[in-house]
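Here is the structure we will look at, set down as structure tokens.
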Amino acid sequence: MLTYILRRLALALSVVLATLVSAFLIFFAGPSDPAQAMCPETRCNPQRLQQITQSLGLDKPLSVQFIDYFKGLFVGRDFVYAGDTVHCSAPCLGFSFVTRRSVNDELFSRFPNTVVLALMAAVVFLVIGVTVGIFAAVRRGTTMDRTVVGASQVLGSIPYYVLALLVALYPVILWNVLPQYSDLSSGVGPYLLGMLAPALILGVVTSASYVRYTRNSMIETLSMDYIRTARSKGISERTVLFKHGFRAAMSPIATILGLDIAALLTGTLITEQIFGVDGIGRRGLAALRADDLPVIMGTVLIGAVVVVIANLLVDIAYSFIDPRVRLS
């Protein structure tokens, strides 16, 4: 187990490093000028642009800029702006050319909102998707099964942003009782209630795919020889279904769950934008519109790290979910 984890950690670090190099080259070696985003159009002249370029170290060779950025991830970094020195503590993801704040402050202060939204949505789509999927698998071939599968396909075929906009514009769809998003300054209760509407719509739409995954996986598992053997021994159907069948059927679902949660944690872009949730996805979209390259790059790096960690945890969880799987 330890050897496997160390090998996967080495692979994960290589993926993160490759992402770091690729993102740096795309954003800082591309045609866009990062200093231009910081220079106001009304007061931007060649001298002002050159001053900004020098203060941010953008006039240095690209290799030196990358080394400075890489070192900042471990020891922090200082930026000079308007004669003042701004310190960015490790892991320093850069300095925003637009807001004059470190990328750490821009993203990490908003990351908890994305985490809460992602976890609430995960609870919704797991409860609905897995429960309905098992229900459909047990009643395979019946009218109820066909209805469930058809409804999940219809729900999954509708563009998500259409459903999210309908709920945001017409709150009566969610009984017109759920409040709008508000930050933690208004209290924990109003904060969680404000997260409920976006979490519900995101979770319900995502559950459509989990219904089909769970149903197909359970049908395949329930047709195995060991399931028939368990039933022939007189074991109760509930025990056969949940102790023997569901545990084995969870393996493919765990893979999808790890990737979905990683995707949610890297920024639920559409949901945060439509419902006004102040998360890193919404901040990333704002940075994209403003050509705030350091913030965009920081969002990419956070996404890469979260996806890599989620994949590692899923691989390790396999051996506990399914005893037939052995790590090598």
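The values are calculated or read from the model by the stated rules, or taken from the named source; none is laboratory data. Here the structure is a predicted model, which is why all the values come from computation and not from measurement. Neighbour counts run over all protein chains shown; Cβ positions are idealised from the backbone, glycine included. SASA here: full protein model, heavy atoms, side chains in, ligands and nucleic acids out. Shrake-Rupley method; radii C 1.70, N 1.55, O 1.52, S 1.80 Å.
Is one or more of the residues making up segment 192-203 surrounded by fewer than 16 Cβ atoms within 10 Å (Cβ to Cβ) and over 30 Å from Pro159 (Cβ atoms)? No, segment 192-203 has no match at all. Look at (1) in contact with a Gly (Cβ under 8 Å, 6 or more places away or on another chain); (2) open to solvent by less than 20 Å² (accessible area, probe 1.4 Å); (3) of a type in the set (Ser, Thr, Tyr) and you find that Ser182 fails only one, number (2). Of all residues in segment 280-305, those satisfying the criterion of being open to solvent by 20 Å² or more (accessible area, probe 1.4 Å) and outside any helix (DSSP H, G or I) are Ala290, Asp291.
Counting only helices (runs of 4 or more DSSP H) that sit wholly inside segment 1-105, those with at least 3 residues that are open to solvent by less than 40 Å² (accessible area, probe 1.4 Å) and modelled with pLDDT of 80 or more are 2-28, 62-75. For Ala164, the conditions (1) more than 20 Å from the chain's Cα centre (by Cα); (2) modelled with pLDDT of 85 or more; (3) of a type outside the set (Phe, Trp, Tyr) all hold with the exception of (1). Looking only at residues in segment 125-150 that are among the aliphatic types (A, V, I, L, M) and open to solvent by 60 Å² or more (accessible area, probe 1.4 Å), the one that is nearest to Gly245 (Cα to Cα) is Val138.
A quick yes/no check of all residues on (1) open to solvent by less than 20 Å² (accessible area, probe 1.4 Å); (2) touching a residue at least 40 places away in the same chain (Cβ under 8 Å); (3) assigned to a helix (DSSP H, G or I); (4) in contact with a Lys or Arg (Cβ under 9 Å, 6 or more places away or on another chain):
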{"residue": "Gly245", "(1), (2), (3), (4)": "yes, no, yes, no"}
{"residue": "Ser251", "(1), (2), (3), (4)": "yes, yes, yes, yes"}
{"residue": "Asp260", "(1), (2), (3), (4)": "no, yes, yes, no"}
{"residue": "Ile270", "(1), (2), (3), (4)": "no, yes, yes, no"}
{"residue": "Asp278", "(1), (2), (3), (4)": "no, yes, no, yes"}
{"residue": "Val307", "(1), (2), (3), (4)": "no, yes, yes, no"}
{"residue": "Leu313", "(1), (2), (3), (4)": "no, yes, yes, no"}
{"residue": "Ile316", "(1), (2), (3), (4)": "no, yes, yes, yes"}
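Taking segment 106-116 as the region of interest, how many residues are of a type in the set (S, T, N, Q) and open to solvent by 70 Å² or more (accessible area, probe 1.4 Å)? Count: 1.
Before we move on, is Leu119 at pLDDT 90 or above, open to solvent by 80 Å² or more (accessible area, probe 1.4 Å), in a helix (DSSP H, G or I) and touching a helix residue (DSSP H, G or I) at 6+ places or on another chain (Cβ under 9 Å)? Judged against the criteria, Leu119 is a match. The single condition among (1) among the polar types (S, T, N, Q); (2) under 17 Å from the mean Cα position of the chain (by Cα); (3) farther than 30 Å from Ala208 by Cβ that Asn113 does not meet is (3).
If you go through segment 66-107 and keep only what is acidic (Asp, Glu), without any contact (Cβ under 8 Å) to a residue 40 or more places away in the chain and in contact with a Gly (Cβ under 8 Å, 6 or more places away or on another chain), you end up with just Asp68. Here Leu264 does not qualify as buried (at least 18 other Cβ atoms within 10 Å of the Cβ) and over 26 Å from Leu163 (Cα atoms).
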